Amino acid sequence: MGYDIFPAFARNLASMSVSKQERILIAVSGGPDSMALLHLFLRWNKRNVGVFHLNHGFREAASQDAAFVRDYCRNLNIPVEIQEYDINRYLAVSGESKQQGARKIRYQLLRNFAEAGGYHRVALGHHGDDQAETVLMRILRGAGLHGLGGIPLQRGIFIRPLLTVYREEIVRYCQEFEVPHIFDETNFEPIYLRNKVRKELLPYLAQEYNPEIVPNLMQLSELARADELELQSRAEEICKGSMRWKRGQLVFPRDRFLELSTSMQRRVLRRMLQAYQGHLLRIDFGHIEEWRQHILENTSYRLSLPQIWVSGTVDYIFVGEVSGEKWEPVELTIPGQVRVGGFTIQAELGDRDSLPPRTEDSEDFDLEELQLPLVARTRQDGDRMRPFGVEGTKKVKDLLIDARIPLQARDFLPLICDQEGILWIPTVRRSQRAPITASTTKVLRLTQIRP
């Protein structure tokens, strides 16, 4: 063959330290990007790959796409999972946009299936043109350095080995290696922002201003990401040296904060929120800046940010509410909610096929494999648990250390147990007990409800 993107693909895998001993789940829609990705992985190491396809039902040809992927994989003896999900029903309930909701469901289903199937990584078919489109869209929305970094090569279990390869190169690869594929016509309808950027804005900029706009945007993302990582590392060092946990709150000295540059002040505030609640959902620049101005202008304040309270005195900056009071074991109501140790735990029951995909704050258990009632309690000396996917048991103390749970918070963290042992430590790990299998009928879903 005269043309090959395999070297770029292999370099990206090496840069992410992906080994041939790892099991890789490949998200395959049937389009040229994902089919090329699958073909490349089969050349790299066919033995440890599997395929996942989501039939979201948006298009009339969706069932044909699913059949195409299924038949291709079966002909090559590749494990394939075809899942159907009524995303339109989910969108009607959640109120999210079509693209946002579909992306959320797709990632969650991929994560769930990878975990259940013992896959170490999930490979996605994003490429260089996707990166350029993302950076340009974020410029239009007024993104900062973090946003200009675009799509990461890897995040958690998700990897993108084609992120440095252009769409044109992928299509050419499919032609050269005779890789069959289908086209989703909705990708070319200018009704979504990304499609308008792809079909209208980028071609216009390339024709009228700079024919190298796509590689230049890719270069911008690479430079921005490198700078962002350096500054983020500095912010983490500052927080590590000055941030403390006290009675369930994160505390940062106000005088140390005032010594920092404006840029680093914003980063430290974002880092504190991330450390406290594990995410920055719904937090934007305006929230951080409002909080920063309160710190600069008021010796005492209390401010409500999305899902969280922040406050301050003349000496300290605080994230979260005061807690840390000793609490007694509480029996969980099923279904129902209990509040323990600053956490709200919700229990739900449902049929295996009727529950929506679980979130990162949830865990599912086979109800018939549990010994009820369930109890929420604090840790005890000698507590051990067998984490999901791990051989043998581990000390709860070691699990809390591995999860970087602050020492001050460890004695107040709830452990969810049935009558035989620990099932789940919210924000830390779930146990191997009562996993969801093909024979499961009734599911107990436990969810940590964030403030």
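FYI, it's all coordinate maths here, none of it is from the lab. Since the model is a prediction, treat every value here as computed from it, not as a measurement. Positions of Cβ are backbone-derived with ideal geometry, glycine not excepted, and every protein chain shown enters the neighbour counts.
Here the spin labels are modelled as points 7 Å beyond Cα on the Cα-Cβ line, and at E369 and R141 they lie 3.8 nm apart. Hey, for a label at S261 modelled as a point 7 Å past Cα toward Cβ, could you say which residues of the stretch 197-231 have their backbone N under 18 Å away? Output list for this probe position: 223-231.
Diffusion of the stretch 6-216 by Stokes-Einstein, at 4 °C in a medium of 1.567 mPa s and with Rh set to the Kirkwood radius over alpha-carbon pairs, works out to 72 µm²/s. Going by a ≥ b ≥ c, the root eigenvalues of the Cα gyration tensor, does the stretch 116-198 fall in the rounded group (a/c under 1.5), the prolate group (a/b larger than b/c) or the oblate group? Since a/c reaches 1.5 but b/c is at least a/b, the shape of the stretch 116-198 is classed as oblate.
Sorted by packing (mean other beta-carbon atoms within 10 Å per residue), highest first, where do 172-179, 103-110 land?
Those peptides, ordered most packed to least, come out 103-110, 172-179.
Length gained on full extension, E60 to R74: 2.7 nm, using 0.36 nm per residue less the C-alpha separation.
If you take the beta carbon distance between D86 and S300 as r and set R0 to 45 Å, what does 1/(1 + (r/R0)^6) give as a FRET efficiency, to the nearest 0.05?
So, using R0 = 45 Å, E works out to roughly 0.35.
The relative contact order of the stretch 330-449 comes to 40 percent, based on Cα pairs under 8 Å that sit 6 or more residues apart. With neighbour counts taken as other beta-carbon atoms within 10 Å, the residues E200, E228 rank, fewest first, as E200, E228.
Where the alpha-carbon atoms of the stretch 255-300 are placed on the principal axes, they occupy 26, 19, 17 Å, in descending order.
Between Q380 and R339, the FRET efficiency estimated from the beta carbon spacing at R0 = 22 angstrom works out to 0.60. Taking a ≥ b ≥ c as the square roots of the eigenvalues of the alpha carbon gyration tensor, the stretch 243-319 is rounded, as a/c is under 1.5. Computed per residue of the chain from DSSP H runs no shorter than four, each worth -39500 (n - 2.57), the mean residue ellipticity at 222 nm is -12000 deg cm²/dmol.
I need the semi-axes of the equivalent ellipsoid of the chain: take the C-alpha gyration tensor, multiply each eigenvalue by 5, square-root it, list largest first in whole angstrom.
Numbers: eigenvalues 305, 199, 79 Å².
After scaling each eigenvalue by five and taking roots: 39, 32, 20 Å.
Taking other C-beta atoms within 10 Å as the exposure proxy, Y209, Y166 rank Y209, Y166 from fewest upward. Once both labels are positioned 7 Å from their Cα atoms along Cα-to-Cβ, the gap between Q207 and R234 label points is 4.3 nm.
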